[in-house]
Amino acid sequence: MNEMMTLLSNYNVPAAFWVNIQLTLWSALFSLILGVILVMMRISPVGSLRGFATAFVEFFKNMPLTIIMVFMLLGAFVQLRFQFSSSFSTNFYWLAITGLSLYTSAFVCESLRSGINTVPLGQAEAARSLGLSFFQSAGLIILPQAFRGSVAPLGNTLIALLKNSTVAAAASVATETSSLMKTMIEYNASMIVAVFLIFAIGYVILIIPIGLLTTWLSNTLAVRR
Amino acid sequence: MNRLTKKIFAAVLAVVSLGALAGCGSSTVETSGPKITIGIKFDQPGVGYKEGDSYSGFDVDVARYVAKQLGYSEKQIVWKEAPSAQREALLQNGDVDFIIASYSITADRKKVVDFAGPYFVAGQDLLVRSDDKSITSAKDLNGKNLCTVSGSTSAQVIKDNFAKSVQIMELSGYAECVTALISGTVDAVTTDDIILAGLAHAKGNGLLKVLGKPFTKETYGIGVKKGDSQLVTTINAALKKMVSDGTWQKDLTKETGGTGYTPNKEWNPPTKFNAENSDETVRQ
Amino acid sequence: MTSVSKKAVAEDNSSDSKPLVELDHVDKYYGELHVLKDINLEVKKGEVLVIIGPSGSGKSTLCRTINRLELINSGEIRIDGKPLPQEGKELTKLRAEVGMVFQSFNLFAHKSILDNVTLAPRKVLGLSKEQAEKEAMELLASVGVDTQASKLPAQLSGGQQQRVAIARSLAMHPKVMLFDEPTSALDPEMINEVLDVMVDLAKNGMTMVVVTHEMGFARQAADRVVFMADGQILEQGSPAEFFDHTKTERAKDFLSKILTH
């Protein structure tokens, strides 16, 4: 306990967690937008869009995140000279968010698709027979119900995203938790267990409320049929 | 091959290559007789490096010499990867007999492991392109791009003490940093001078040079399990012999030759093998 | 229960004009299965057509092809003289003119009763919220569920839900209403409250195509009864002709089974 207090006073652990939280929030936003677009493509009547979305999702779902992150850094930036900003830290930050968003959007799409499967086919037929267009029935009828039906898998995806945000270290975001943990171990070899506990407890504190909120929302928003 | 077999084959191949990418995995060569397990780095060319089934680098040379003095032949050595964050645990659990892995002696580490040596005194330095005249010291890095490996604090040392406006890129390995340096994405790579010299020797193709102005003092020791003073004494004797019979200098030249690098003469080769009492790493 | 408002029904009720719905040599397959075999059928404006037949006879499929919820393999379907368009703006416009009531109600489960009825008029016809709600409340009153307007579908009985579904379709002022077994999913005591609404609608001159097993409704409200079996139309005629002078053996057999229950 004393060791943990010493470590906490010597290192700015909350600042590192704040970096992971920011990475998570930005990536959650972008992957949600991208995931909705992908799932709409997957249920669209246009075959080529369905094909593209399926290929995109399968690719990013099955690609290890570390490889995506290393590609963002060595492939997209070093080789292809793609950059968001001439400032390294800003650039790496957004490259990491891009990688996380691409990867997570595949899982958002899959979560939403599982939600769409809970919406009876009759809902879409009723919408279409009333004269609603594809976008209207998707946006007003199918997706709102699908969201309510996929709160639980979306919550799990968010938890996975928060944990995955530590992989941003592979895209040279050096201020996040896993990097700080390595540094702390490097200089405090005698207190490795305490270092580990600090980060484990930190993530538990962040993740348990997400789980509780997910369960509560899932029950509150469930569509009664 | 039918389709299913192909799929399974592809899947196995993918898993195996992932394992290789993650860089975890230890060598377990089956040999007869007693064995000695030595922890080294697998990813530092010129210091501790694994390529296929062969191991090279100055740490490996020292390890082989010490093992020989302890009565183990080359074939009786089992090499095990000792990443920075796992070194103490490997020793505490008895997974390795000793560790030679650019392992700096610090007061904090001495609380949990014992050290023999030192066998080399390194210092943090810079690796730059040979034709780049604009960087002659760490202070010249203002506005430049600097590469180091993830989890290392050497770049932060420069930012905090010498060049406030340096831009830092962290990559997963030193080899990647060298690639970025040669391609011009970064202007310098920083870590201990001997590692940089090894990199320049192994990967530089004559295009890179070590600045040769170390600004920290890193005293490399050989980590052993806490309390094994017998082993510490034996290893220290072996190191003393290695320096006096000229093997130390011969091996160092072999690993860093052709890069214009000479280790800090004031500190090297070490003459006092008393890691237990003094010669601690000095970090700024 | 008040009578279904006349307003919802198309103005021109003359039955001598050209057919509103035409099916011309329509064929449909589910893979190998030939579910609609050379169907030719016309529905005049204001006509109430009741389709009956054993399950699997293709009557529901026929009903669903009329607003292109099911695609056909050959032949042509015309509404008001125009062939059914491909997917796109034209089709959504056409669907808005063809009302559809499903066996399983299909009310939008996440929206209130009032929102169910106002959604399409607002989003498709562009009515203001006030205008749409005013009309919706009138329609809900006419089918007797106006007191439930703020509830969610799951809070209503099956009969109430189906009446809301009818009001939802009527809110689009359709030229023709399709009913796909509207009472088959209902508990027996709720069947009549739905049939009463449909009878009212028929009296007010709505053009209707009704797939049902309710022979009482067919007798009372139909202008013409069509009997289908094995994907074909085997017999058709006025209710009196069909029920009292059944021609085909299949239809006699079917009616004897239904009426003894």
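No lab work stands behind these numbers, since they all come straight from the coordinates. All figures in this text were calculated on a predicted structure; none of them were measured in a lab. Positions of Cβ are backbone-derived with ideal geometry, glycine not excepted, and every protein chain shown enters the neighbour counts.
Label-point separation (nm) for residue B:230 and residue A:37, each offset 7 Å from Cα along Cα-to-Cβ?
Distance between label points: 6.8 nm.
For region B:163-205, what does the equivalent ellipsoid look like in terms of its semi-axes, each the square root of 5 times an eigenvalue of the Cα gyration tensor, given largest first in whole Å?
Equivalent ellipsoid of region B:163-205: 18, 12, 9 Å, largest first.
I need two numbers for region C:145-191: Rg to one decimal and Dmax as a whole number, Cα atoms only, in Å.
11.5, 31
How many nm is it between the label spots at residue B:249 and residue C:38, if each spot is 7 Å from the Cα in line with the beta carbon?
Those two pseudo-labels are separated by 10.8 nm.
Whole-Hz Karplus ³J(HN,Hα) for region B:50-58, in order, using 6.51 cos²θ - 1.76 cosθ + 1.60 and θ = phi - 60°, x for Gly and Pro?
Values, residue by residue: 10, 9, x, 9, 10, 10, 8, x, 5 Hz.
Over its Cα atoms, what ratio of radius of gyration to 2.2 N^0.38 Å does region A:112-195 give?
For region A:112-195, the normalised Cα radius of gyration is 1.88.
Take each uninterrupted DSSP H stretch in chain A, measure its Cα extent along the helix axis, and return the ones at 24 Å or beyond whose mean Kyte-Doolittle hydropathy is at least -0.5.
Long hydrophobic helices here: A:13-43, A:88-116, A:192-221.
Full extension from residue C:238 to residue C:89: what is 0.36 nm times the residue separation minus their Cα-Cα distance, to one decimal in nm?
49.9 nm
Compute the acute angle (0 to 90°) between the alpha-carbon long axis of helix C:158-170 and the principal axis of greatest extent of the alpha-carbon atoms of chain C; round to the nearest 10°.
Helix C:158-170 sits roughly 90 degrees off the main axis of chain C.
Taking region B:104-163, how many lysine pairs are there with alpha carbons less than 26 Å apart, if each pair must be eight or more places apart or span two chains?
4
If I model a spin label at residue A:83 and residue A:48 as a point 7 Å from the Cα along the Cα→Cβ vector, what separation in nanometres do I get?
3.6
I need the phi-derived Karplus couplings for region C:180-195: 6.51 cos²θ - 1.76 cosθ + 1.60, θ = phi - 60°, integer Hz, Gly and Pro marked x.
Couplings: 9, 6, x, 10, 5, 9, 9, 5, x, 5, 9, 4, 5, 4, 7, 4 Hz.
Could you work out the per residue convex hull volume over the alpha carbons of the protein assembly as shown, in cubic angstrom?
Spelled out: Cα convex hull of the protein assembly as shown, divided by residues, is 231 Å³.
Classify chain A: rounded, prolate or oblate, from the alpha-carbon gyration tensor (a ≥ b ≥ c, eigenvalue square roots; a/c under 1.5 rounded; otherwise prolate if a/b is larger than b/c)?
Oblate is the answer for chain A, as a/c is 1.5 or above yet b/c matches or exceeds a/b.
In whole Hz, what ³J(HN,Hα) sequence does region B:259-266 give by Karplus (6.51, -1.76, 1.60; θ = phi - 60°), x for Gly and Pro?
10, x, 8, 10, x, 3, 5, 5
As an exercise, use a Förster radius of 41 Å and the Cβ-Cβ distance of residue C:150 and residue C:25 to find the FRET efficiency, rounded to the nearest 0.05.
0.25
Using only alpha carbon pairs under 8 Å that are at least six residues apart, calculate the relative contact order of region C:20-150 and give it in whole percent.
20
Relative contact order for region A:17-174 using alpha-carbon pairs under 8 Å, separation at least 6, rounded to a whole percent?
35
Given 0.36 nm per residue, what is the gain on full extension from residue A:201 to residue A:219 after removing their alpha carbon distance, in nm?
3.7 nm
Which three lengths, in whole Å and largest first, does region A:148-220 cover when its Cα atoms are put on their principal axes?
Projected onto the principal axes, the Cα atoms of region A:148-220 cover 48, 26, 12 Å.
Which residue, A:163, A:182, A:61, has the most motion in a Gaussian network model of chain A that connects Cα atoms within less than 10 Å?
Residue with maximal mean-square fluctuation among A:163, A:182, A:61: A:182.
Assuming R0 = 25 Å, what is the FRET efficiency of residue B:272 and residue B:51, from their Cβ-Cβ distance, to the nearest 0.05?
So the FRET efficiency works out to roughly 0.15.
Give me the orientation-averaged projected area of the Cα convex hull of region B:124-210, in nm², one decimal.
Result: 4.6 nm².
What percentages make up the Cα-Cα pair-distance distribution of chain C when the bins are 10 Å wide from 0?
Pairs per bin, as whole percents: 7, 31, 36, 21, 5, 0.
Assign unit charges at the C-beta atoms only (+1 for Lys and Arg, -1 for Asp and Glu), then state the dipole size of region C:34-73 relative to its Cα centre in Debye, rounded to the nearest 20.
Approximately 80 debye in magnitude.
Stretched out fully, how many nm does the piece from residue B:207 to residue B:240 gain, at 0.36 nm a residue minus the Cα gap?
Extending this stretch completely gives an extra 8.4 nm.
For the protein assembly as shown, with the dipole built from +1 on Lys and Arg beta-carbon atoms and -1 on Asp and Glu ones, taken about the Cα centre, which of C:166, B:184, B:221 lies farthest toward the positive end?
B:221
Hey, what angle do you get for helix C:129-142 against the long axis of chain C, alpha-carbon based, 0 to 90 degrees rounded to 10?
It is inclined by approximately 60 degrees.
Given the -39500 (n - 2.57) contribution per DSSP H run of 4+ residues, what per-residue ellipticity at 222 nm results for the protein assembly as shown, rounded to the nearest 500 deg cm²/dmol?
Theoretical 222 nm ellipticity from helices: -14500 deg cm²/dmol.
Taking each residue in C:63-75, count the Cβ atoms of any other chain within 10 Å of its Cβ, then average. What number comes out?
The shielding value for this peptide is 1.
Only Cα pairs under 8 Å and at least 6 apart count here; give the relative contact order of chain C as a rounded whole percent.
Dividing the mean separation by the residue count of chain C yields 28 percent.
Give me the net charge of residue B:182's neighbourhood, meaning all other residues with Cβ under 13 Å from the Cβ of residue B:182; Lys, Arg count +1, Asp, Glu -1.
Within the 13 Å Cβ shell, the charges total -1.
When DSSP assigns beta bridges and you keep just the ones with both residues in region B:124-210, what percent turn out antiparallel, to the nearest 5?
55
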